[in-house]
Amino acid sequence: IRLVDVQSRTIVRYPVRGRVDYVALTYAWWASRQRERYRVGSVVQNPPKTIEDAIKVTADLGKRFLWVDSLCIDQGDESHKQEQIQMMASIYSGVGNHCCPKRARH
């Protein structure tokens, strides 16, 4: 899976060795105007307010990594998207903390 490194604000791959603790954000992102594609190495710049808040909360919790479906799943690559959808149970079971905002702000 891919994660956002909240220190560098870069999309990175989950480490092959070991286990990392990460926070996951769940929100209705499809309602936002976000259409940018993110790949490994992409820098997250000017995300919607909900994601910006999740990045800050993740850092405030002392965590380095955040998983957000709209950033960590390449929405323009149908095969990647389907592969990641099949892994959702594993992605959410590996979460250290889960953010679920009451109302998403775009």
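The values are calculated or read from the model by the stated rules, or taken from the named source; none is laboratory data. The model shown is predicted, which means the values in this text are computed figures rather than measured ones. Quick reminder, even Gly has a Cβ in these numbers, built from the backbone with ideal geometry, and neighbours come from all protein chains shown. What goes into the accessible areas is simple: the full protein's heavy atoms, side chains included, and nothing from ligands, DNA or RNA. Shrake-Rupley method; radii C 1.70, N 1.55, O 1.52, S 1.80 Å.
Side notes on the structure shown:
- Entry remark, the range 61-95: residues being acidic (Asp, Glu) and open to solvent by 50 Å² or more (accessible area, probe 1.4 Å) number 3 in total.
- Among the residues of the range 49-58, at least one is open to solvent by 60 Å² or more (accessible area, probe 1.4 Å), in contact (Cβ under 8 Å) with a residue 40 or more places away in the chain and in contact with a His (Cβ under 9 Å, 6 or more places away or on another chain).
Here is a yes/no grid of residues against (1) modelled with pLDDT under 90; (2) within 23 Å of Ser93 (Cα to Cα):
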| position | (1), (2) |
| --- | --- |
| Arg2 | no, yes |
| Asp5 | no, yes |
| Gly18 | yes, yes |
| Val23 | no, yes |
| Val43 | no, no |
| Val57 | no, yes |
